[in-house]
Amino acid sequence: MKKYKGQIALLGAAIIWGSAFIFQKMGMDHIGPFTFGILRFTLGSLALLPVIWITKKINDKKPVETRKEITPWKDKTLLVGGFLCGLASFVAGSLQQVGIVYTTAGKAGFITSMDIVIVPIFMLLLKQKIAKATWLGIAIAPVGLWLLSITDGFTIARGDAFVMGCAVAYSFQILLIDHYSERVDVLKLSFIQFFLSGIFSILPAILIETIEIQAIIDCAVPILYVAFLEVSVAFTLQVIGQKYTSAASATIIMSLESVFAVLCGTLFLGESMTGRETAGCIIMFAAFIITQLPEMDLKLPQRKSKQNGS
């Protein structure tokens, strides 16, 4: 039952992420990517505080024998995990936000989903077993990426390159969350991660962007949608979902954000793709699926029976 709980949570996150690309794109019409990051991550993290408080109150009212262990704020593992996840989230979110200025929401969604191919490579470097068939997906994915992003002159578009860097950073984040979500309270981990991501965004915003109050007001709808749904809700669903699902399984579900990104970009922004780009999307999505299917034949490490947090 916990497995399905995790899968449903991750699917919900993928739907929200896919739709959020159009609001991220709209936000860049008004403010810079780092200013957007400050508001996006800070507001999203603050929205989690009432949820953390309510969850604790509900847990405290339960009989002692059924209460879940809540990680204290000063716990070293929580603080270290929050810092590392926050750094990865800041790098990934910033690269994605900069890249989306120069590319379409649909393409950004598909390239971001390259983390489903990158994660197994990192798992191999960590000396975790990778099925042979997985390498077929890893070999196919660059073909799709080439069709989607590389021009006839063998140069990758600037926006696509930034988003590709985002996919690498998100791969680190997935592995970090997979590690720490088993050990600490997932809501507190989410709060620290996103609050620090917002803090990390302040300096580059001050140095290279012009921050104007009226521009922020004009950008209110994209900011609120991304902060409260994409950050507060979707990324927390990711942390909760990965608590009950392996990193490899989680990535295939989360890769569906690419499909929702294309659909939303077409329906709401009037974006379209060439035949070459469409073929690239199809090949990349096929690679995503192939990469993850062999996992069902692997003996994955058992999750700890005692879970912290909610």
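The values are calculated or read from the model by the stated rules, or taken from the named source; none is laboratory data. Everything numeric here is computed off the predicted structure, so don't read it as measured data. No Cβ is skipped: glycine too gets one built from the backbone with ideal geometry, and neighbour counts run over all protein chains shown. The area values use the complete protein model at the heavy-atom level, side chains included, leaving out ligands, DNA and RNA. Shrake-Rupley method; radii C 1.70, N 1.55, O 1.52, S 1.80 Å.
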Selection count, the range 165-190, where residues are open to solvent by less than 30 Å² (accessible area, probe 1.4 Å) and closer than 25 Å to ILE100 by Cα: 10
Is it true that VAL226 is of a type in the set (A, V, I, L, M) and more than 16 Å from PHE41 (Cα to Cα)? no
Would you call LEU95 open to solvent by 40 Å² or more (accessible area, probe 1.4 Å) and in a helix (DSSP H, G or I)? yes
Based on this model, can you work out whether LYS62 counts as more than 24 Å from LEU263 (Cβ to Cβ), charged (D, E, K, R), without any contact (Cβ under 8 Å) to a residue 24 or more places away in the chain and open to solvent by 30 Å² or more (accessible area, probe 1.4 Å)? yes
Selection over the range 184-223 where residues are under 19 Å from ALA92 (Cα atoms) and basic (Lys, Arg) yields a count of 0
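Residues that are under 17 Å from PHE235 (Cβ atoms) and either in a helix (DSSP H, G or I) or not acidic (Asp, Glu) (or both): does the range 56-77 have at least one?
Initial filter on the range 56-77 (under 17 Å from PHE235 (Cβ atoms)): none.
For the range 56-77, residues under 17 Å from PHE235 (Cβ atoms) and either in a helix (DSSP H, G or I) or not acidic (Asp, Glu) (or both): absent.
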Just for the range 281-292: of the residues that are modelled with pLDDT of 80 or more and closer than 15 Å to ILE111 by Cβ, which one is most open to solvent (accessible area, probe 1.4 Å)? ILE282
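Sort out which residues of the range 1-28 are outside any helix (DSSP H, G or I) and free of Cβ contacts under 8 Å to residues at least 24 places away in the same chain, and write them in order of number.
MET1
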Kindly establish whether THR42 is within 28 Å of ALA287 (Cβ to Cβ), touching a Gly at 6+ places or on another chain (Cβ under 8 Å) and open to solvent by 10 Å² or more (accessible area, probe 1.4 Å). no
Tell me the residue from LEU11, LEU79 that is surrounded by fewer than 24 Cβ atoms within 10 Å (Cβ to Cβ), over 22 Å from PHE260 (Cα atoms) and either modelled with pLDDT of 90 or more or out of contact with any Phe, Trp or Tyr (no Cβ under 7 Å at 6 or more places or on another chain) (or both), please. LEU79
Given the conditions (1) closer than 21 Å to ILE240 by Cα; (2) part of a loop (DSSP other than H, G, I, E, B), and given that PHE83 satisfies all but one, which numbered condition is not satisfied? (2)
For the range 237-255, check the following and say yes or no: at least one residue is open to solvent by less than 60 Å² (accessible area, probe 1.4 Å), over 30 Å from TYR4 (Cβ atoms) and under 18 Å from the mean Cα position of the chain (by Cα). no
